[in-house]
Amino acid sequence: MRFDWKTDIKRLVMVVIASFVMALNIKSFVRTGNLFPGGATGLTLLVQRLFQLYAHKEISYTLVNVLLNAFPVYIGFRFIGKKFTLLSCLMIFLTGVWTDILPGFVITQDILLISIFGGIINGAVISFCLSADATTGGTDFIGIFLSERKAMDSFPMVLGINVVILGVAGYFFGWDRALYSIIFQYASTNVIHLLYRRYQQGTLLIVTEKAEEICKEIYHLCHHGATIINAEGSYAHQQHQVVYSVVSRSETGEVIQKVKEIDPQAFINIVDTRQISGRFYFRPED
């Protein structure tokens, strides 16, 4: 586990900020609307409210959240990355502490506004945390593990967990809150999809006269291979080469810049990739 003090301090500050904003969102939006977000946060709030309902006891958010994240944290240490998991543990712990000690204040009582804007803030915080190479815990660990190590689509599993949480919440606390929680989760998921693109792929089709140089640069930047296809232009019937490669969406901007430096006349088409089958390199978490 290597340390780069400048980068690591920056990541640490980002995690502290993310945990604070996440806790504010829980106290000001989620609890005001009695919502149940997905993942470990939603499950923690569900356990707390069930204890209040049946045992008439208030239990610590930090305690429940840490216990629920014990197995996902093990997965992180064992299979994903130690520094990544340590920062995620800090995120989990600080979010719990902030949630327990910060006072809650009501911004609005409108449940629809709470669901939409609470979800937007939640998605922005998760994206901010992921950009610091950490997670908010829970299903994020499992999703990253399945995406990187098993080349599996983790969405059905995460969706299944959230359906169970919402089903239990709807049964005990009312279906209207469960349905509004779906709006919250939908807004959050769309913001993450917009802001964080590491696990999204784009297909590059590059018509160029310098295919070999471009392929070497793609491999140097992204550690992805490429295929060179011989082609003929339909207008002038000139011979060209097409470089075909699939890269992470977060890397496409840098690749395009390098391609333009190598061949200013290159024609580049970027296509959204919905699904890939086969070996695809993901930079390992540290």
Once TYR171 and ILE262 are pulled to full extension, the length gained, defined as 0.36 nm per residue separation minus their Cα-Cα distance, is 26.7 nm
Rounded to 0.05, the calculated FRET efficiency for the beta carbons of LEU90 and THR227 at R₀ = 41 Å is 0.45
Stretched fully, the stretch from GLU213 through ILE270 gains (0.36 nm per residue minus C-alpha distance, one decimal, in nm) 18.6 nm
Between the Cα axis of helix 155-173 and the main Cα principal axis of the chain, the angle (0 to 90°, nearest 10) is 20 degrees
Residue by residue through the range 44-53, the couplings from Karplus 6.51 cos²θ - 1.76 cosθ + 1.60 with θ = phi - 60°, in Hz, x for Gly and Pro, are 4, 5, 5, 4, 4, 6, 5, 5, 5, 6
A correct Stokes-Einstein calculation for the range 201-273, using the alpha-carbon Kirkwood radius, 25 °C and 0.890 mPa s, returns a whole-number D in µm² s⁻¹ of 202 µm²/s
For the chain, longest principal axis from Cα atoms; helix 175-195 axis from its Cα atoms; angle between them, nearest 10 degrees, is 30 degrees
For the chain, the longest principal axis of the Cα atoms and the Cα long axis of helix 82-101 enclose an angle in degrees, to the nearest 10, of 30 degrees
The simple spin-label model distance between LEU50 and TYR74, using points 7 Å out along Cα→Cβ, in nm, is 2.0 nm
Using the Kirkwood formula on alpha carbons, the hydrodynamic radius of the range 44-117 in angstrom works out to 14.4 Å
What helix-only [θ] at 222 nm does the chain give? Using -39500 (n - 2.57) per DSSP H run of at least 4, over all residues, to the nearest 500, the answer is -18500 deg cm²/dmol
Most exposed first, judged by fewest Cβ atoms within 10 angstrom, GLU254, GLU58 run GLU58, GLU254
For the table LYS57/LYS82; LYS83/LYS260; LYS27/LYS57; LYS10/LYS82; LYS6/LYS82, the rows whose alpha-carbon distance is greater than 29 Å are LYS57/LYS82; LYS83/LYS260
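Given all pairs of different Cα atoms, what value in angstroms does the Kirkwood hydrodynamic radius of the chain take?
Numbers: mean 1/r = 0.0478 Å⁻¹.
When all Cα pairs of the chain are included, the Kirkwood radius is 20.9 Å.
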Exposed-loop cut sites defined as chymotrypsin sites (Phe, Trp or Tyr not before Pro) in DSSP loop states with at most 11 other Cβ within 10 angstrom; longest site-free run of the chain spans 106-234
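Every number here is computed from the coordinates shown, using simple stated rules; none is lab data. Values in this document were obtained by computation on a predicted structure and should not be read as measured data. Note: ideal-geometry Cβ built from the backbone for every residue, glycine included; neighbour counts use all protein chains shown.
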